[in-house]
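Have a look at the structure below, then the notes.
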Amino acid sequence: MQAAARTDVGMVREQNEDAFYIGDNVFAVADGMGGHDAGEVASGIAVRMLRENKFNGADPEGWLRAVISEINAEIFRQASINPGYAGMGTTLTVLIIEGNRAYLGHVGDSRAYLLRDGMLRQLTDDHSVVGELLKRGVLTREEARFHPQRNIITRALGTFPQVDIDISSLDTRVGDRVLLCTDGLTSAVSDQELADILLSTHDPNQACNTLIDEANKRGGYDNTTVVVVYCS
Ligand code: MN
């Protein structure tokens, strides 16, 4: 297994409120929101707590559920006691690769994708107004990508004391490529282009660089964060 990650502030914003985590076999992206530096604080809490509550190899789904619940509670707690942090929150998409199985814990509109046999498939649902319209078949993927309300998310960590967490798992195969990314990437670059970039190189670092460059070439209106894992 080879993994790489990169985050970039983009071409417009002054602060990067995204964050990522790379452990031995645990990977994550987070996209923080909130005034001033609160978004950065929220995504920073998520990444710090993933690092501190290291996955010990047992019960990946239980661990994902527990650690993401704790992150939610901690962000909510800090937002409640510090007026400057009121309303802060973050998305979080966490991937565990354990043997030939992958596990995902997910809240918000960051995404996990699987590239297998040249085909790209989104593994997560977007917890956004547009994501729900897409799921109900009201919008096409292309319409969703340019929808004016595409940035309104319906689920985040830190907003409420409790949160629903999407947990899923799948078998992995040699040659699989998994991409975790924040919406700065997916609002700028189409699924087909993501697939082409992931297929264009055997080096996950180079894939990360090309993905970020592409988002910035199209305006870089948001922070962009990517984690790329090549399974072997
Ligand atoms: Mn974003």
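The values are calculated or read from the model by the stated rules, or taken from the named source; none is laboratory data. On a predicted model such as this, the values are computed, not experimentally measured, just so you know. So basically every Cβ, Gly included, is an ideal-geometry build from the backbone, and we count neighbours across all protein chains shown. Please note that ligands, DNA and RNA were not included when accessible areas were found on the heavy atoms of the full protein model with its side chains. Shrake-Rupley method; radii C 1.70, N 1.55, O 1.52, S 1.80 Å.
Some observations on this one:
- Checked against (1) within 18 Å of the chain's Cα centre (by Cα); (2) within 28 Å of residue 88 (Cβ to Cβ), residue 209 passes all but a single condition, namely (2).
- In the set (1) within 14 Å of the ligand (Cβ to nearest atom); (2) touching a Cys at 6+ places or on another chain (Cβ under 8 Å), the condition left unmet by residue 222 is number (2).
- Inter-residue pairs, beta-carbon under 8 Å, first on the phi > 0 side of the Ramachandran plot and in segment 19-46, second assigned to a helix (DSSP H, G or I) and away from the ligand (no atom under 12 Å from the Cβ), 6+ apart: 34/41; 34/42; 34/79; 34/85; 36/84
- Within segment 88-102, considering residues that are within 20 Å of residue 48 (Cα to Cα) and away from the ligand (no atom under 16 Å from the Cβ), the one surrounded by the fewest Cβ atoms within 10 Å (Cβ to Cβ): 97
- Of the candidates 109, 37, 8, the single residue that is out of contact with any Leu (no Cβ under 8 Å at 6 or more places or on another chain) and under 15 Å from residue 166 (Cβ atoms) is 109.
- The residues in segment 45-87 that are surrounded by 15 or more Cβ atoms within 10 Å (Cβ to Cβ), closer than 21 Å to residue 152 by Cα and out of contact with any strand residue (DSSP E or B) (no Cβ under 9 Å at 6 or more places or on another chain) can be counted, and the count is 1.
- Within segment 1-44, if we keep just the residues that are open to solvent by 30 Å² or more (accessible area, probe 1.4 Å) and in contact with a Cys (Cβ under 9 Å, 6 or more places away or on another chain), the residue that is nearest to the ligand (Cβ to nearest atom) turns out to be 6.
- Scope segment 103-128; condition assigned to a loop (DSSP other than H, G, I, E, B), in contact with a helix residue (DSSP H, G or I) (Cβ under 9 Å, 6 or more places away or on another chain) and open to solvent by 50 Å² or more (accessible area, probe 1.4 Å); matching residues: 125
- Filter result (of a type in the set (Gly, Ala, Ser), part of a loop (DSSP other than H, G, I, E, B) and more than 19 Å from residue 63 (Cβ to Cβ)) within segment 1-32: 10
- Options 193, 142, 132: the member that is of a type outside the set (A, V, I, L, M, F, W, C) and within 30 Å of residue 66 (Cβ to Cβ): 132
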